[in-house]
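Note sheet for the following structure.
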Amino acid sequence: MSYYSKYNFVSAEPTYAIVKEELKSYFDTGAADDLLFPTYLNKCLDKLGKATHAIVPVLLFIEDFTCRLPDNFHAVREAWLCTQSGQGSYTSPEAFYSQTESLNTIQLNPILTNEVPTCDNPICTDDQCGGECLSSVIQAVYKTTKEIPRSAITRKFLLKPGNISFEKDCTYFYNESGDMYGNLGSAGAETPASGDFDSFDLRDNKFVTTFRTGIVELVMYASDFDCLGSQMIPDNYRIKEFIEHFLKYKVFETIANQTNDETFNQVQQKMQYYKQLADEAYIMAEMEIKKQDAFTKQRRIKKLLNRFNKYELPSSGNRRGRNNY
């Protein structure tokens with residue numbers, strides 16, 4: 001199991017606004033526009049790597065060896081095969097009160113209501129029968145509760161990426177034909193030992209496995225967008241500074257390829273200036289991404305402390321004992 005820290009993600013619109021306001025004269029005259037800002041933003045995020053994408057856990061229910069990937073899927077970080085086990089049911093705190101008895105009901109309060117005759121004589125009175133033919137209708141109040149089943153999903157083992165071969169007509173024979181795994185070494189096998197029983201593959205926006213049904217917990221890198229359709233960026237000063245300088249550099253690169261009132265040397269000097277700022281900001285942003293947090297430093301110190309424990313013999317003097325961590 002891997003450890004990771006999450007960024008807080010914000011909209012890129014404030015960064016766009018800073019660039020357009022500081023280069024206001026170019027945008028007001030139409031020499032530059034923000035049409036390609038989302039494309040330039042994607043270039044910045046791709047250059048920084050997967051760390052600029054949000055890490056989201058998702059449950060996939062595999063049916064017939066495949067499952068559709070989420071719309072905001074970017075890349076796989078971990079894929080765990082999970083099992084579902086029951087843990088008993090519990091009573092719902094909500095209840096429904098009625099005068100009709102049904103399943104899981106409890107009678108709360110019987111109430112006596114109007115008396116009606118029970119004999120067949122339509123003109124029966126109290127004087128003729130002495131009141132023995134009169135009975136009372138019991139109107140009871142019932143409380144209905146529900147039992148809600150409860151189950152737990154447990155991680156079993158980590159799936160490995162592999163090359164899984166399958167035909168377009170969805171004829172799967174993973175568990176019946178060994179050559180589909182490539183472990184027979186035959187001429188028909190694509191890559192030897194590329195697909196095992198605990199492998200997965202991504203193809204045609206689908207998560208493909210070698211087992212027919214199951215539950216997979218997918219820890220994935222996601223691409224999130226705000227309500228305006230702009231991609232979310234990490235709320236980190238160094239990363240936002242790199243994006244801002246890169247956008248300014250691309251604006252002057254666009255202006256250099258057009259006819260304008262400024263001389264070629266003036267535009268080139270501004271473009272080279274912002275390109276240098278963007279390169280320096282990229283180095284600082286990359287260092288910020290690779291920086292370890294406090295919890296990562298603790299795990300590294302423990303790992304360094306216990307790296308030679310596997311070579312020590314178990315004895316009473318060795319308090320820590322064997323630790324192959």
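Here is how the numbers come out for the structure above:
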quantity	calculated
Count - residues of region 55-81 that are part of a strand (DSSP E or B) and either polar (S, T, N, Q) or at pLDDT below 85 (or both)	1
Any hit, region 32-40, residues being touching a strand residue (DSSP E or B) at 6+ places or on another chain (Cβ under 6 Å) and outside any helix (DSSP H, G or I)	no
Region 1-38 - residue that is hydroxyl-bearing (Ser, Thr, Tyr) and over 13 Å from MET232 (Cα atoms) and, of those, surrounded by the most Cβ atoms within 10 Å (Cβ to Cβ)	TYR26
Residue in region 3-10 that is within 30 Å of GLY162 (Cα to Cα) and charged (D, E, K, R) present	yes
Counted residues, region 200-242 - those being of a type in the set (D, E, K, R) and under 17 Å from the mean Cα position of the chain (by Cα)	4
Looking only at region 278-288, and only at residues there that are of a type in the set (A, V, I, L, M) and surrounded by fewer than 17 Cβ atoms within 10 Å (Cβ to Cβ), the one that is farthest from ASN257 (Cα to Cα)	MET287
Residue match in region 251-271 (condition: of a type in the set (D, E, K, R) and within 17 Å of ASN42 (Cβ to Cβ))	yes
Residue check, PHE246 modelled with pLDDT of 90 or more, under 22 Å from LEU36 (Cα atoms), assigned by TED's automatic domain parsing to the domain that holds ASP34 and in contact with a Cys (Cβ under 7 Å, 6 or more places away or on another chain)	yes
Looking only at region 201-213, and only at residues there that are in a strand (DSSP E or B) and surrounded by fewer than 18 Cβ atoms within 10 Å (Cβ to Cβ), the one that is modelled with the lowest pLDDT	ARG203
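Condition check ((1) farther than 17 Å from LYS20 by Cβ; (2) among the small types (Gly, Ala, Ser); (3) assigned by TED's automatic domain parsing to the domain that holds PHE61; (4) part of a helix (DSSP H, G or I)) across all residues:
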residue	(1), (2), (3), (4)
ASP261	yes, no, no, no
LYS270	no, no, no, yes
TYR273	yes, no, no, yes
GLU288	yes, no, no, yes
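The values are calculated or read from the model by the stated rules, or taken from the named source; none is laboratory data. Computed from a predicted structure; not experimentally measured. All Cβ positions, glycine included, derive from the backbone under ideal geometry; neighbour counts span all protein chains shown.
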